Amino acid sequence: MCAFSVTSRMNGKIRLFQSIHFKIAIVFVLLLLATIEIIGAYFVKQLEQQNVDNFESMVTIQPYISTQLVTELSTDDTETANRSVKNIVADIDNSSISEVLVVDNKGVIRGTSNANDQASIGQRTPKSDIKSVIYANRKKTEITSTRDGSYYTSITPLTNQSTDANQVVGAIYVRASMDTVYRNINQVTVIFLTASLVAGLLGMIIAIFIARAITQPIDEMKKQAIQIADGDYSGQVRIYGHDELGQLAFAVNNLSIRVEEAQEVSDAERRRLDSVLSHMTDGVIATDRRGNVTIINEAAQGFLNTTGDDTIGESILTVLGIEKEYSFRDLLENKRDMVIEPDTQNDEDEQTVSPDHARHLILHVDFSLIQRETGFISGLVCVLHDVTEQEKNERERREFVSNVSHELRTPLTSVRSYIEALSDGAWQDEKLAPQFLTVTQEETDRMIRMINELLALSRLDQGTAKMELEYVNFNEFFNYILDRFDMMLKTDPKQKRYRIEREFTKHDLWVEIDTDKMMQVIDNIMNNAIKYSPDGGVITTRLIESHNNLVVSISDQGLGIPRKDISKVFDRFYRVDKARSRKQGGTGLGLAISKEVVEAHHGRIWVDSAEGRGSTFYISLPYEPYEDGGEWSEEN
Ligand code: ADP
């Protein structure tokens with residue numbers, strides 16, 4: 001979410017006013033304009049001063065004229081003096097001067113350049129400035145701007161140098177128009193402004209180019225960085241030079257290569273981890289610090305009968321089905337391992353009768369913390385180990401020991417009670433004593449039989465039972481066994497009645513078996529068929545060949561086996577009806593031994609039965625048809 005917003009912000013177009021490009025250009029232009037303006041202002045000011053100074057010196061009355069005027073004003077002959085003053089004033093040939101006025105120290109106008117105002121000569125001047133200059137004997141200059149234009153006014157006192165006290169004899173008033181001066185300055189200012197405008201524009205264009213030269217590599221680097229962030233390492237930034245930007249571009253290219261290498265290493269690492277996890281036989285689940293599943297490998301999915309999609313993000317407690325017993329804190333703080341039996345069977349499985357299908361798992365779960373160096377716990381890893389087989393074996397072992405003890409205790413107790421009765425005097429009773437002795441003998445026989453069977457089972461379990469294999473014509477072998485059962489009927493009139501039907505393949509089937517052991521198996525199934533059938537029942541025996549297997553089946557019309565017990569009749573000591581079986585001398589080990597023997601022959605044994613409708617036991621043994629001899633052909 002955060003990474004997305006960063007990338008999207010990076011990808012977003014930058015507005016012109018926000019771009020470095022614009023900022024550099026504007027700073028450059030502003031600097032340029034500020035410089036031009038400061039220089040311009042200083043220059044114009046200087047120019048103005050210069051022009052005003054020049055103008056002043058131009059309109060200043062020459063000293064010799066002043067001397068002449070002083071001489072004229074000092075004479076007493078006013079008439080002559082006035083004429084001379086008129087001539088002197090007329091001689092002041094200066095186009096800039098618009099008016100010259102000569103006033104004596106009494107304030108009387110003695111001469112004027114204004115042709116229209118000659119009548120004012122001899123009259124007192126109305127200009128108080130002139131009087132104050134005469135009075136103060138100090139030159140006064142003034143620049144005044146009116147609507148008609150700017151004027152320069154200078155009033156200079158005329159002093160008689162020859163007298164001791166520098167006596168003021170009058171003053172000369174000069175008024176000159178400054179329009180030309182200011183026009184010139186204005187023209188220069190306009191030229192200057194135009195020049196600065198052009199310079200500003202030129203500067204702007206240059207600034208844009210310079211800014212572009214700086215920002216283009218930055219822009220390319222920005223794009224490259226965005227590409228790297230998106231996982232595309234193919235691009236390379238162009239290096240324009242060996243300046244700082246060039247070095248930065250080089251560094252970005254280097255970074256891109258490094259990031260790509262690091263990414264490849266981490267991808268390879270992740271693939272390796274994935275492959276290790278998926279090929280592990282143990283289940284592995286990892287969680288985040290809140291206990292939600294982040295990784296679950298295939299083995300764990302198989303154990304828990306779930307999928308990655310269903311479990312990722314779920315609480316580990318729910319996934320393991322231990323949410324009622326434990327909290328996540330328990331797992332973090334004190335629970336390091338446990339045994340669970342996940343409920344992986346669905347309804348279909350429960351219906352299945354074969355013990356192979358209903359796989360009830362027992363898992364050993366080991367927890368370990370994922371801890372950072374700082375001690376911060378960032379999650380939990382749990383390893384699931386299938387201990388079904390070990391647990392089952394352990395349970396079976398315990399059950400077996402308890403069964404053996406129980407099975408032996410019953411006959412031993414009864415033997416002991418008979419012996420006690422005998423020793424208490426029953427041995428003298430001619431009728432009871434032989435009866436008691438027969439029972440003790442029968443019970444002892446049964447115990448011996450049971451112990452022999454247990455020994456046989458133990459040998460089969462340990463694989464120490466020697467298999468004496470030989471090629472046997474199974475049809476003949478089966479017939480031989482069944483003939484013995486038919487014979488029993490004839491020789492023993494007390495024997496329960498039955499009839500054996502035989503449905504065999506036409507041709508003989510030759511297989512490699514241990515005849516003694518296989519005979520024991522068939523004897524046991526036949527005995528059961530007789531034992532659990534009513535008197536006079538039909539026992540149908542079949543021998544067929546199917547898919548490279550020889551299949552023997554023995555069906556009876558007896559009690560049958562309840563559905564719930566079918567999967568258990570091959571277990572050791574398992575009997576559907578314990579009392580009844582024991583009464584008939586059963587040990588509950590016959591079928592267990594049969595199963596071991598058949599499996600030692602790489603075959604299979606199973607039963608098909610319905611309560612009250614008889615049972616059919618099947619034995620299948622691997623069989624390879626013998627092609628060579630004519631004796632196997634169908635015609636036989
Ligand atoms: P047992 O010595 O008790 O006969 P087995 O291992 O031979 O022991 O058989 C186990 C149990 O299977 C028997 O106790 C019986 O309840 C059941 N059983 C075996 N064969 C049959 C059959 N043909 N019909 C009905 N029940 C049978």
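The values are calculated or read from the model by the stated rules, or taken from the named source; none is laboratory data. Quick caveat, the model's predicted, so the values are computed rather than measured. We place every Cβ from the backbone using ideal geometry, glycine too, and count neighbours over all the protein chains shown. Just the protein is used for accessible areas: all its heavy atoms, side chains included, with ligands, DNA and RNA removed. Shrake-Rupley method; radii C 1.70, N 1.55, O 1.52, S 1.80 Å.
Subtracting the Cα-Cα distance from 0.36 nm times the residue separation, let me have the gained length for Gln247 to Glu48 in nm, one decimal. 66.4 nm is the gain from fully extending Gln247 to Glu48.
Evaluate E = 1/(1 + (r/R0)^6) for Asp76 and Arg124, where r is the Cβ-Cβ distance and R0 equals 22 Å; express this FRET efficiency to the nearest 0.05. Intermediate values should be presented prior to the final figure.
Details: r = 19 Å, r/R0 = 0.85.
Efficiency, from the Cβ-Cβ distance: 0.70.
Volume per residue for region 372-411 equals 92 cubic angstrom (convex hull of Cα atoms).
Does region 266-350 classify as rounded, prolate or oblate by the C-alpha gyration tensor (a ≥ b ≥ c root eigenvalues; a/c under 1.5 gives rounded; else a/b over b/c gives prolate, otherwise oblate)?
oblate
Only protein heavy atoms count here; on that basis, with a 1.4 Å probe, Glu611 has an accessible area of about 130 Å².
Can you figure out the FRET efficiency of Lys496 with Ile312, using R₀ = 45 Å and their beta-carbon distance, to the nearest 0.05?
On the way: r = 65 Å, r/R0 = 1.44.
About 0.10, to the nearest 0.05.
The packing ranking, built from the mean of other Cβ atoms within 10 Å per residue, places the peptides 491-498, 502-509, 548-555 in the order 548-555, 502-509, 491-498, highest first. Note on Asn305 and Ser278: their simple-model spin labels are 2.5 nm apart, each label 7 Å out from Cα toward Cβ.
Taking amide H atoms as placed 1.01 Å from N in the peptide plane, the amide H of Asn105 lies under 5 Å from those of Gly170, each 5 or more residues away in sequence or on another chain. Evaluated at q = 0.25 Å⁻¹, the base-10 log of the normalised Debye intensity for region 405-464, with identical point scatterers placed on the Cα atoms, takes the values -0.95. Stretched out straight at 0.36 nm per residue, the stretch from Glu611 to Gln428 would grow longer than its current Cα-Cα span by 61.1 nm. Protection proxy ranking, highest mean first, for peptides 316-322, 156-162: 316-322, 156-162, where packing is the per-residue count of other beta-carbon atoms within 10 Å, averaged. Every pair of different Cα atoms in region 355-442 enters the Kirkwood calculation, which places the hydrodynamic radius at 18.7 Å.
Give, to the nearest whole percent, the P(r) tail of the chain beyond 48 angstrom, counting all Cα pairs.
On the way: 125203 of 201930 pairs.
In whole percent, the long-distance tail amounts to 62.
Bridging of Lys568 to lysines at a Cα separation below 28 Å is possible for Lys392, Lys466, Lys496, Lys517, Lys531, Lys578, Lys583, Lys595, once same-chain residues fewer than 8 apart are set aside. Per the Debye formula on identical point scatterers at the alpha carbon atoms of region 520-623, with no solvent, log10 I(q)/I(0) at q = 0.10, 0.17 Å⁻¹ is -0.26, -0.75. Taking a straight line from the alpha carbon of Lys223, these lysines sit under 28 Å away, with near neighbours fewer than eight places off in the same chain left out: Lys13, Lys23. Over the chain, what is the mean sequence separation of C-alpha contacts under 8 Å (at least six apart), divided by residue count, expressed as relative contact order in percent? Reported relative contact order: 7 percent. Annotation: peptides 40-50, 220-230, ranked by per-residue average of other Cβ atoms within 10 Å with the highest first, follow the order 220-230, 40-50. Each distinct pair of alpha carbons in region 347-503 adds a 1/r term; the inverse of their mean, the Kirkwood radius, is 22.9 Å. An oblate overall shape is assigned to region 440-543, the ratio a/c of its alpha-carbon gyration tensor axes (a ≥ b ≥ c) being 1.5 or greater and a/b not exceeding b/c.
Residue separation of Lys324 and Ile38 scaled by 0.36 nm, minus their Cα-Cα distance, works out to 94.5 nm of gained length. The label point for Glu503 and the one for Asp461, both projected 7 Å from the Cα toward the Cβ, are 3.9 nm apart.
Calculate what fraction, in whole %, of the accessible area of the chain sits on carbon and sulfur atoms when a 1.4 Å probe is rolled over the protein chains.
Of the solvent-accessible surface of the chain, carbon and sulfur hold 53 percent.
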